[in-house]
């Protein structure tokens with residue numbers, strides 16, 4: 001039985017090891033390149049709906065949370081739909097399609113930190129959707145860094161996690177979208193909440 005000379009590269013002895021590793025790496029890279037994630041686009045003021053429409057026409061999946069607000073004019077009042085988060089539109093794209101989403105008129109940039117786009121967890125988007133679908137009275141609120149994490153244990157929103165704060169002596173349940181440092185708050189019965197460890201998920 002021959003003994004390999006000192007300094008012999010393992011790839012020379014077992015090239016299939018190297019090839020197998022590269023194959024796995026390429027497979028993982030391919031999966032990552034095709035994976036859909038949520039990102040936030042920061043837009044020019046009052047361009048949210050225009051950006052949302054243009055991206056949809058391009059076949060890009062978007063989410064623009066809207067809330068109904070009663071506006072007062074000099075001669076009348078009217079209910080209008082306004083973006084829940086001003087100057088933000090969410091997109092559900094692959095890494096390749098991030099560039100396409102930035103090409104819409106009115107888009108300023110994709111939200112990120114340290115030079116990398118920030119991925120928004122699916123459950124944060126789902127929570128906002130469920131709130132709006134249930135007709136909850138949402139209002140934008142200050143982004144919270146501290147506070148107890150709680151989970152709704154009863155009703156149609158059961159299972160959603162967020163932070164609990166008190167505003168004007170009323171209990172408010174807060175869902176935070178960390179990437180854009182924005183939050184929404186909804187009134188909730190304290191009896192429907194339980195404290196949990198950690199964040200969302």
With the condition kept exactly as written, say whether any residue in region 27-47 is part of a helix (DSSP H, G or I) and at pLDDT 90 or above. no
Yes/no for residue 47 being more than 30 Å from residue 156 (Cβ to Cβ), surrounded by fewer than 17 Cβ atoms within 10 Å (Cβ to Cβ) and either out of contact with any helix residue (DSSP H, G or I) (no Cβ under 8 Å at 6 or more places or on another chain) or outside the structural domain of residue 174 (by TED's automatic domain parsing) (or both): no
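So that you can scan it fast, the table gives a plain yes or no per residue for (1) surrounded by 15 or more Cβ atoms within 10 Å (Cβ to Cβ); (2) part of a strand (DSSP E or B); (3) in contact (Cβ under 8 Å) with a residue 12 or more places away in the chain; (4) more than 17 Å from the chain's Cα centre (by Cα):
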| position | (1), (2), (3), (4) |
| --- | --- |
| 75 | no, no, no, yes |
| 79 | no, yes, no, yes |
| 85 | yes, no, yes, no |
| 92 | yes, yes, yes, no |
| 95 | no, no, yes, no |
| 99 | no, no, no, yes |
| 105 | no, no, yes, yes |
| 109 | no, yes, yes, no |
| 124 | yes, no, yes, no |
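The values are calculated or read from the model by the stated rules, or taken from the named source; none is laboratory data. Computed from a prediction, not measured in an experiment: that's the story for all the values here. Cβ sites come from the backbone with ideal geometry, for glycine too, and all protein chains shown count toward neighbours.
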